[in-house]
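Readers should treat all values here as calculations from the given coordinates under stated rules, not as data from a laboratory. Nothing here was measured: the structure is a model prediction, and the numbers come from that model. Neighbour counts are summed over all protein chains in view; Cβ atoms, including those assigned to glycine, are modelled from backbone coordinates with ideal geometry.
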Amino acid sequence: MTASDGAAPDLVWFRHDLRLSDHAALLAAIRSRRPVIPVYILDDSAGDNWRTGCAARWWLHRSLSALTAALEATRSRLILRRGAWDDILSALVRETGAASVHAGRLYEPWADAKDRAIAAALPVPLHLHRTTTLFDPSSMRTRLGTPFTGYTPFVRACLAGDTPAPPEAPPKHIPAPATWPRSDTLTAFELQPSDPDLPRALAAVWTPGEDGARRRLATFMDSALDHYDTGRARLGAGGTSMLSPHLRWGEVSPATVWHAAATAAGHRGPGLEAFQKEMLWREFAIHLLRHHPDLPDTPLRSTFTRFPWRHDPDDLRAWQEGRTGYPIVDAGMRQLRRAGWMHNRVRMIVASFLVKHLLLPWQDGARWFWERLVDADLASNSASWQWVVGLGSGSAPYFRVFNPVLQGERFDADGSYVRQYVPELARLPDAFLHRPWEAPADVLKNADVILGETYPVPIVNHTAARVRALDAYAPFGRPDA
């Protein structure tokens, strides 16, 4: 059977798997020996209240452009449509006479509900494949047959089980239909940010698409994996993989990353172990979201629904804009605005500052991250914020309140990170860079720093904020509270 004989095609519905390599849905369609029509549907109504944020939409535009080019190299093309998933898929099935639809499975609760409705409404089968995880989050169970609630037992179960299957190569040719359905233009998706400076800033850091993911992976394997266990903690050293947005958009499969790390020559030590555990945190977050669909908004520990959060728009805005007066916090928040990304250590520092120093609701922080991160992922974002707050099993203890000064001095000892993102402090000596309010007047003058003018004074005193947080947390801090 060939594409030219008018055979009914299969639709391949791309979602969070914008690649050709190791793509189970695409390969299943090709193996059906029918023509294949790749499709992407932009549905801004999908996701309930979690419409894709501005930074992630910029990434999506570039990633779809890269996928289009990759498909054209195989003599195929990407059909773009905008509208409700169910309406568009039904229309495409009618227009093309498709025999079936193949897609990668999503694990967000709203997506799961929509997929069930679509499968029931379509006149042809909807085949869902695992394209975004190492393991099936629905099948992972404790010895008692219950879902995992703790990260460490989850990791042990993953490592004790079967090794993830090796990735499959991309197809060299994708059989095309005799005629193609109409496609919208990528420009019509209106994914580009309204802020004209944001695309330039993001493009200076990132190369979305499968080729960009492949280069990022190769660089990390060559330069950072061996020392990942120690190098990832240094904020200015480039010791992290920075693969998170490529994984979030599925430009590289988790299996590809896992096997690249496991088979790289010499990578058998603590660097590999630490990196694999980071990958398994992503899997654990998806597992939590799968079994706790209200994870993005509701604390895992129900007693925290009564927590006395403050509501202070001025403090929230200062945190969002990187004007808290704590250099490591401000550097992280400014990196987020400029690069759409933040080092994981700094994510913990700034999150802890918001919920413990300022006692502002963690949901406000999660929403801001969602809007500004290129790797905004509902599972990882929600689980990570709950971990920092101390809402889940295995979370950071409630009495852990990061000291932003000591965190800066420990993980940005040479000050390169703060100087990059808070340039108004660049001339301060290392001894005062993370605590400028303690600098003598002559040191501030020589560095052209005027506290309260060129750089803000701290919006809260660390010692007083810590006491306030411990007092607020005390009734809720016990696991049985």
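Brief remarks follow.
- In terms of its C-alpha gyration tensor, segment 7-156 has a prolate overall shape, because the principal axis ratio a/c (a ≥ b ≥ c, square roots of the eigenvalues) is not below 1.5 and a/b outweighs b/c.
- Selection from Ala7, Ile118, Leu92, by position along the positive dipole direction of segment 3-131 (Cβ): Ala7
- Of Ser63, Ser352, the sequence from fewest to most neighbouring Cβ atoms within 10 angstrom is Ser352, Ser63.
- Between Asp430 and Lys277, the modelled labels are 2.8 nm apart [label points 7 Å from Cα along Cα→Cβ].
- Straightening the chain between Asp442 and Trp110 buys 113.7 nm, computed as 0.36 nm per residue apart minus the Cα-Cα spacing.
- On Cα atoms only, tilt of 85-96 relative to the major axis of the chain in degrees: 30
- Part-to-part distance (alpha-carbon centres) for segment 431-481 and segment 231-305, which is given in Å: 31
- Listed peptides 283-290, 170-177, 131-138 appear in the order 283-290, 131-138, 170-177 once ranked by packing, highest mean of other Cβ atoms within 10 Å at the front.
- Computed Kirkwood radius, in angstrom, where 1/r is averaged over Cα pairs of segment 243-309: 14.4
- Helix axis angle, 54-72 relative to the chain longest principal axis, alpha carbon, degrees: 30
- By the helix-only formula, in which each DSSP H run with n ≥ 4 contributes -39500 (n - 2.57) and the sum is divided by residues, the chain has a 222 nm mean residue ellipticity of -13000 deg cm²/dmol.
- Dipole in debye (nearest 20) - segment 302-476, about Cα centre, beta carbon charges: Lys, Arg +1; Asp, Glu -1: 380
- Shape class of the chain from the Cα gyration tensor (axes a ≥ b ≥ c, square roots of the eigenvalues): prolate, since a/c reaches 1.5 or more and a/b is larger than b/c.
- Per-q log10 I(q)/I(0), segment 302-476, q = 0.14, 0.18, 0.20 Å⁻¹ (Debye; single scatterer per alpha-carbon; no solvent): -0.72, -1.16, -1.38
- Model label points for Thr305 and Ala262, set 7 angstrom from Cα along the Cα-to-Cβ axis, are 4.1 nm apart.
- Its Cα centre serving as origin, the chain has a Cβ charge dipole (Lys and Arg +1, Asp and Glu -1) of approximately 620 debye.
- Taking the C-alpha atoms only, the angle from helix 362-372 to the longest principal axis of the chain is near 60 degrees.
- Dipole of the chain, positive end: most advanced residue of Gly271, Leu186, Gln386 [Cβ charges, Cα centre]: Gly271
- Which of Ile37, Pro109, Trp50, positive extreme of dipole for segment 3-131 (C-beta unit charges): Ile37
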